[in-house]
């Protein structure tokens with residue numbers, strides 16, 4: 001990352017992908033469709049799911 005604004009852009013992209021993933025999972029979309037629409041591979045999908053689970057756990061702990 002070159003600067004703080006680039007960091008913020010990347011963080012927003014991550015948040016957007018997590019939001020889309022959460023909605024698609026709620027609609028029971030399959031992995032192939034999720035990966036295609038988000039433009040990611042299976043490794044990235046697993047990583048996003050881990051981050052989403054961490055967020056859910058943090059919210060539940062509050």
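Only the coordinates and a few stated rules stand behind these numbers; no lab work does. Quick caveat, the model's predicted, so the values are computed rather than measured. Don't worry about glycine lacking a Cβ; one is built from the backbone with ideal geometry, like all the others, and counts go over all protein chains shown.
The set of residues in the range 26-62 that are closer than 22 Å to residue 11 by Cα, touching a residue at least 12 places away in the same chain (Cβ under 8 Å) and either in a helix (DSSP H, G or I) or in contact with a helix residue (DSSP H, G or I) (Cβ under 6 Å, 6 or more places away or on another chain) (or both) comprises 34, 37, 38, 45, 48, 49, 51, 52, 55. Residues in the range 8-25 that are exposed (fewer than 11 other Cβ atoms within 10 Å of the Cβ) and in contact with a helix residue (DSSP H, G or I) (Cβ under 8 Å, 6 or more places away or on another chain): none.
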